[in-house]
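Here the structure comes first, spelled out in structure tokens, and everything after it is commentary.
The values are calculated or read from the model by the stated rules, or taken from the named source; none is laboratory data. Since we're looking at a predicted model, the values are computed, not measured. Here the Cβ positions follow ideal geometry from the backbone for every residue, glycine too, while neighbour counts run over all protein chains shown.
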Amino acid sequence: MSGKEASRAVQFESFGGPEALRVREVPVPQAGPGQIRVRVTAAGLNPMDWFMTSDAETAARFGLSLPCGFGTDYAGVVDQLGDGVREFAVGDRVFGGALSRAVADHVVVDVAGTIAVGGEAHRTPDGLDDRTASALSIAGCTAAAALAVVDPGPDDTVLIGAAGGGVGVFAVQLARLAGARVIGTGSESSAEALRALGAEPVAYGDGLADRVRALAPGGVAAAMDLHGTDTVQAARELGVPDERITAIAAQVDGITPANGANAAPGTLEKIAGLVAEGRLRVPIARSFPVEDIQAAVELQKGRHVHGKVVIDL
Ligand SMILES: NC(=O)c1ccc[n+]([C@@H]2O[C@H](COP(=O)([O-])OP(=O)(O)OC[C@H]3O[C@@H](n4cnc5c(N)ncnc54)[C@H](OP(=O)(O)O)[C@@H]3O)[C@@H](O)[C@H]2O)c1
């Protein structure tokens, strides 16, 4: 497709599961004042993509209505500038987020926007390929926000629940870069991948606190639950103070939740720089052509992905 007149976009005409997703031909969107248009080459998936669009009521809470796009993280190349844009030039490589409309040949984003409002773009550093860049925004910001809550340091042993997932792979490595020892929960199938990231694997499920105690008899200083509440519970059993425990996927009384939207300014530039320098790795579990969007989302929904799932456009 030339990209001049028509553009592909993954859309819902009714909210629901992956079976409701369709690849549609749509008019190429045009950049307005203060906006850029990006020719998207890769879009990283996150659980929030299918959670937000699972039914009309949930979608409405995120301000989404039909027909609705899909996916939030993207990377690509600027191919049109709106009036007044000085920050980017045509041909610049960029990555970022645009809430529930990123799996498309073209996405228009506000130069001064946020993921939730107008979309946002960051320059892709040399040395960072587009698939990898498309996997950074939501997961990288969320991991950084979680680290900011529990503040791991060189003398700390940190317990991370769901350490091999999309957010986990960033959280493990950021904690390691901060000098911490990391114990990460996962199934048997995650163990090798966790070791490769610098974490010591431990099985999740009943008896987690005992297994962690055996690995770290000196105690655990901080914990991040990236799946539910089991890691929070285990951390409390291990005597970790509530102020050094956080959760990203559940609300727990007394625990400060972490949210990617609250990541410190400059977080993505820092993470992209670490990846470009080879100091942080982003495992891509699998990539799919856009035509296979339903299969890609099914895989993600299984919740046993190691790293990120990416759509090629
Ligand atoms: N608050 C925020 O801003 C924010 C942002 C992003 C994500 N989230 C939420 O955070 C959660 C994680 O996101 P993600 O992108 O990392 O998801 P993900 O990639 O789907 O996570 C997959 C990982 O979860 C692990 N897992 C599956 N069942 C588990 C269990 N019972 N206990 C512990 N781990 C288990 C899997 O490990 P095995 O394969 O080894 O089983 C797998 O590595 C999602 O619920 C997401 O909606 C919140």
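Key figures
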{"item": "Identity of the residue in the range 168-200, without any contact (Cβ under 8 Å) to a residue 24 or more places away in the chain and near the ligand (Cβ under 10 Å from one of its atoms), that ends up farthest from Ala148 (Cα to Cα)", "result": "Glu188"}
{"item": "Of the criteria (1) within 20 Å of the chain's Cα centre (by Cα); (2) away from the ligand (no atom under 16 Å from the Cβ); (3) buried (at least 18 other Cβ atoms within 10 Å of the Cβ), which one Leu280 fails", "result": "(2)"}
{"item": "Total residues in the range 233-250, condition part of a helix (DSSP H, G or I) and either touching a Phe, Trp or Tyr at 6+ places or on another chain (Cβ under 6 Å) or free of Cβ contacts under 8 Å to residues at least 40 places away in the same chain (or both)", "result": "5"}
{"item": "Scope the range 294-309; condition among the hydrophobic types (A, V, I, L, M, F, W, C) and either within 12 Å of the ligand (Cβ to nearest atom) or closer than 12 Å to Ala42 by Cα (or both); matching residues", "result": "Val297, Leu299, Val305, Val309"}
{"item": "Failed condition for Ile293, given (1) crowded, with 19+ Cβ neighbours inside 10 Å; (2) farther than 30 Å from Val23 by Cα", "result": "(2)"}
{"item": "Residue match in the range 66-85 (condition: without any contact (Cβ under 8 Å) to a residue 12 or more places away in the chain, of a type in the set (A, V, I, L, M, F, W, C) and either in contact with a helix residue (DSSP H, G or I) (Cβ under 6 Å, 6 or more places away or on another chain) or more than 19 Å from Gln294 (Cβ to Cβ) (or both))", "result": "no"}
{"item": "Matching option when the condition is surrounded by fewer than 21 Cβ atoms within 10 Å (Cβ to Cβ), away from the ligand (no atom under 13 Å from the Cβ) and part of a helix (DSSP H, G or I), among Gly254, Gly273", "result": "Gly273"}
{"item": "Selection within the range 276-313 - of a type in the set (Lys, Arg) and either modelled with pLDDT of 95 or more or in a helix (DSSP H, G or I) (or both)", "result": "Arg279, Arg281, Arg286, Lys301, Lys308"}
{"item": "Some residue of the range 149-163 being at pLDDT 95 or above, in contact with a His (Cβ under 7 Å, 6 or more places away or on another chain), within 16 Å of the ligand (Cβ to nearest atom) and closer than 30 Å to Pro241 by Cβ", "result": "yes"}
{"item": "Those residues of the range 133-170 which are more than 17 Å from Ala250 (Cα to Cα) and in contact with a strand residue (DSSP E or B) (Cβ under 8 Å, 6 or more places away or on another chain), in sequence order", "result": "Ala133, Ser134, Ala135, Leu136, Ser137, Asp151, Pro152, Asp156, Thr157, Val158, Gly164, Val169"}
{"item": "Neighbours by Cβ (under 7 Å, 6+ apart or cross-chain): first from the range 252-263, farther than 11 Å from Ala146 by Cα; second modelled with pLDDT of 95 or more and assigned to a strand (DSSP E or B)", "result": "Ile255/Ile245; Ile255/Thr246; Ile255/Ala247"}
